[in-house]
Amino acid sequence: MWRRLLRNGLGSGSIVLVLGLLAFGLPAFDRSLDSTQAVPAGVPYDVGGGVTVIPPPGALLDLTQTRPGDDRGSVLFLVGPIRYAVVVQPFDGGLTDAADKLRRKIVANRGYQVVGREADIDTANGELRGLAGGYSAPGRGGRYAVFLAGERSIEVTVSGTDPQLSAARPAIDASTRSITFRGTE
Amino acid sequence: MSAIPGDGGNEVLPTPEGALSRGALLMPAFWVLTLLLAVGMVRMAVFLRESITVYPVATVVAVALFALYAVPFWIFVGGLDFMEREPPTLLVTAFAWGALVATAVAIPGSGALHNVLAKLISPEFATAWGAAIVGPTVEETVKVLGVFAIVLVAGAQVNSPLDGVVYGAMVGLGFQVAEDVVFAVNAVAVEGQGDRVSPVVITFFLRGFLAGLWSHTLFGALAGFGVGYLVVRTDRRLSWRIGVAALAFTGSWACHFLWNTPILLDGPVEGALGVLLILVVKGIPPLLLIAYVVRRAHEREAEYYVAQLARLNDPEIATEAELRALGSGTRRAAAREHAHGRAGMRGRHAVRKLQRAQAHLAVSLSRANGDGETAAVARFSREVRAQRARLVRLGHPEARAPEEKGGTVRSVFTLAGAAGIVMMVVWAAISALGGR
């Protein structure tokens, strides 16, 4: 009986151990690795879905939030404390629909509100036209922009405190205007 | 412990009467399993509460659709072991492990492993190959642990490799349903158009029908076979059994890997035809492989139980033709169909009850283990004779399947026809979804 209990206990313990390794050990190992990587200045970065962007000077790539794919993709740059994200995904609506969708995603976060009016925006080469606006969040502010390219939407969000955003705005605006759609093969 | 004909091994280890309840509460595994299920349930409840708060209609529709989707799978998997059905409590436990424990562990584990690939190799590699590597590695592991947990709690109930198949498939089914609900709700969130049902319906077709046949239920069945073999075939060397279990697990991993791999996604054929090609190349071979393994496990277990009845040498219990029919699901069904043709619905019903009683009797005989007429043996012998008398009254005394003429050719044509119909349905679904 005691031997059976011991074997059963050891078996149960082994199951819990493996589950623990997967549920807690892997995330702990993930956290122990550096999640950022420097990106070359001035070189277009492939976001995915045929979209490229030139990162702001000194930006670091967040490897955990960057997933470039063939028909979609996402990238997160860390510009000091500012988070600058570009998300490309298939979309079959118009520009106002895409802006509407992005606004809904933003306000779906607790405490987030869209503020001010949207304005037109275009990229430096005049290829893409979009809409841009701002939002507020507890202790933070943010800006967003959305473009359409082919059958894809390109969503840009920037978040940080107001002073941080003001300081970094020229570099990030220039980066956003560098977005290019080269199409898909 | 008895040997099966032609094998000389322990294809089946008969379950002692009352084995499920005996001493289970004293076992640490019981309490560990209970605790893990409770934690998983809380996590799933939190997810569903948050989803219902934001997307009430879509969440309810997703849960309802995939719950309905699980019903035919449940009936099929639960009925795989005709001769000795598994206790419903354990089937529910296996399903709950997949739906609650496996998903609760797989979500953080998979996310972390994806990140590790992106950090150690590159985000491009993680995007392209992450699903193929992470999915099988984390998910197949947590699922097969569920079968081991069932073995620890009620080891006597896992008395043939086929039982491992049943529990493995049930864990996989639970995982598949829960994961699909999560995917459906996420699709609604990603679409960003509010509480809409269309992303749920698209997810239902994509993950339920296009990917559903060669998904977790199938992979879990293969890994479960390995656990069943490891536990039951004690006549073989431990190293051999571990090797078979490892091979089965590797097989489930490889099937899952093949399905998730990006190979062929950029193939030469585009649109609906391209998707169909992917399904045929990535889905059909694992489906056939695993179907073969399951069929062999089923046949070998059936041989064992049929031999129990054959040993009685009593045609009132089972004739030669009935013994032949009893060992195969197809022949059992043919015997019922034959009875329907000769004696109508009552004939079909009577044959079904006779086959059920014969199966119960065979299991009772195996559990009696040469102890003569136990209460269960006596009870099911009476039941068999009662059903036999009923069949005699109906003018159809023998529950045999008709002679098979050109059976193999007919089976091949039937299989090809079924495959053709499935392909047409899949084609229609792909076309309706725009070939995505």
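Values for this structure:
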read-out	value
Unique residue being assigned to a helix (DSSP H, G or I) and under 24 Å from B:Pro87 (Cα atoms) when the list is B:Ala386, B:Ala376	B:Ala376
Residue list for region A:25-42, filter: modelled with pLDDT of 95 or more and more than 16 Å from A:Thr64 (Cβ to Cβ)	A:Gly25
Residue in region A:157-173 that is within 17 Å of A:Asp97 (Cα to Cα), within 20 Å of the chain's Cα centre (by Cα) and not in a strand (DSSP E or B) present	no
So B:Val306, is it among the β-branched types (Val, Ile, Thr), in a helix (DSSP H, G or I), out of contact with any strand residue (DSSP E or B) (no Cβ under 6 Å at 6 or more places or on another chain) and modelled with pLDDT of 90 or more	yes
The listed residue being buried (at least 22 other Cβ atoms within 10 Å of the Cβ), under 22 Å from B:His114 (Cβ atoms) and of a type in the set (Gly, Ala, Ser), out of A:Gly25, A:Gly20, A:Gly49, A:Gly69	A:Gly49
Residues of region A:152-176 satisfying the condition of being surrounded by fewer than 19 Cβ atoms within 10 Å (Cβ to Cβ) and among the charged types (D, E, K, R)	A:Asp162, A:Arg169, A:Asp173
First in region A:22-46 and within 10 Å of chain B (Cβ to nearest Cβ), second anywhere and crowded, with 18+ Cβ neighbours inside 10 Å and in a loop (DSSP other than H, G, I, E, B), Cβ under 6 Å, 6 or more apart	A:Ser35/A:Leu63; A:Ser35/A:Thr64; A:Gln37/A:Leu63
Residue check for A:Asp71: more than 8 Å from chain B (Cβ to nearest Cβ), within 25 Å of A:Leu148 (Cα to Cα) and over 15 Å from the mean Cα position of the chain (by Cα)	yes
Filter result for B:Phe175 (within 14 Å of another protein chain (Cβ to nearest Cβ) and either in a helix (DSSP H, G or I) or on the phi > 0 side of the Ramachandran plot (or both))	yes
Scan of region A:80-92 for residues that are surrounded by fewer than 21 Cβ atoms within 10 Å (Cβ to Cβ), closer than 17 Å to B:Ala187 by Cα and more than 9 Å from every other protein chain (Cβ to nearest Cβ), ordered by number	A:Asp92
Subset of region B:26-38 [within 10 Å of chain A (Cβ to nearest Cβ) and in a helix (DSSP H, G or I)]	B:Leu26, B:Pro28, B:Ala29, B:Phe30, B:Trp31, B:Val32, B:Leu33, B:Leu35, B:Leu36
Filter result (in contact with a helix residue (DSSP H, G or I) (Cβ under 7 Å, 6 or more places away or on another chain) and either surrounded by 15 or more Cβ atoms within 10 Å (Cβ to Cβ) or among the hydrophobic types (A, V, I, L, M, F, W, C) (or both)) within region B:303-321	B:Tyr305, B:Val306, B:Gln308, B:Leu309, B:Ala310, B:Ile317, B:Ala318
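The values are calculated or read from the model by the stated rules, or taken from the named source; none is laboratory data. Keep in mind that this is a model prediction, so the values were computed, not measured. Here the Cβ is made from the backbone with ideal geometry for all residues, glycine too, and neighbour counts use every protein chain on show.
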